[in-house]
Structure formats: structure tokens, C-alpha cells
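Asks: Following this message is one structure expressed as C-alpha cells.
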Amino acid sequence: MNMNISEGKKGVTYTVKSVNGDHEMNTFLFSLGCFSGEKITIIKKMRSNFIVNIKGGRYGIDKDLASVIEVI
């Protein structure tokens, strides 16, 4: 089942299928190591922000960024 990371559950590790944002969003997410095939874990979900773990680093992303990260 494909979904974006904003639809995921806290504590679950997903695999990034694709990143489908604009150039600026994609560049930022790629700089965090968020690209196809990488693992991403939701650490905390808040109303409009998410704390995620990518490659051992914890990052805060907003709902707009989270909505462009497609995971399986």
C-alpha cells in the first residue's frame, strides 16, 4: 500500500518509494538523506509537524514536506 509519510504511524519504519515535491523541497529532503530506498521512521506526530529518523538523524519536517514523501 502506497501512502505519504504524513499518513504513517508513530514508531513504524517505512521505505521511501519516491519524493514528489518541487525542486526546492526535493533538494532539501535529499540533503537529509531522504531518497528512494532509504528507511524513514516516524518518531513523533504533531498537528502540523513530524519528527522523523533518517539515516540515524532526527529531523523536524512540516506537513507539506511530509506529504511529498511517498513510502511503502
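Laboratory data are not the source of any read-out in this text; all were calculated from the coordinates shown. Note that the structure is predicted; figures quoted are calculated from it, not measured. Cβ placement follows ideal geometry from the backbone for every residue including glycine, while neighbour counts extend to all protein chains displayed.
Asks: Charges on Cβ only, +1 for Lys and Arg, -1 for Asp and Glu, centred on the Cα centroid of the chain; of Ile5, His23, Met46, which one is farthest towards the dipole's positive end?
Replies: With unit charges placed on the Cβ atoms, the residue in question is Met46.
Asks: From the phi of every residue in the stretch 60-71, what ³J(HN,Hα) in whole Hz does the Karplus formula 6.51 cos²θ - 1.76 cosθ + 1.60 yield, where θ is phi - 60° and glycine or proline is x?
Replies: Whole-Hz 3J(HN,Hα) from phi for the stretch 60-71: x, 10, 8, 5, 5, 5, 4, 6, 9, 9, 8, 10.
Asks: Further question: In nm, give the distance between the simple-model label positions of Asn53 and Thr27, each being 7 Å from the Cα along the Cα-to-Cβ direction.
Replies: The two pseudo-label positions are separated by 3.0 nm.
Asks: Within 10 Å, at most 12 other Cβ atoms, and a DSSP state outside H, G, I, E, B define an exposed site. Report the longest part of the chain free of exposed trypsin sites (Lys or Arg not before Pro).
Replies: For trypsin sites (Lys or Arg not before Pro) (loop position, at most 12 other Cβ atoms within 10 Å), the longest site-free span of the chain is 11-46.
Asks: Relative contact order for the chain: what percent, with Cα pairs under 8 Å and sequence separation of 6 or more?
Replies: 43
Asks: Also: Could I have the simple spin-label model distance between Lys17 and Asp62, label points 7 Å from Cα toward Cβ, reported in nm to one decimal?
Replies: 2.6
Asks: If you don't mind, there's one more thing I want to ask. Rg/Rh for the stretch 3-71: what does it come to with C-alpha atoms and Rh from Kirkwood?
Replies: Reported Rg/Rh (Cα atoms, Kirkwood Rh): 0.90.
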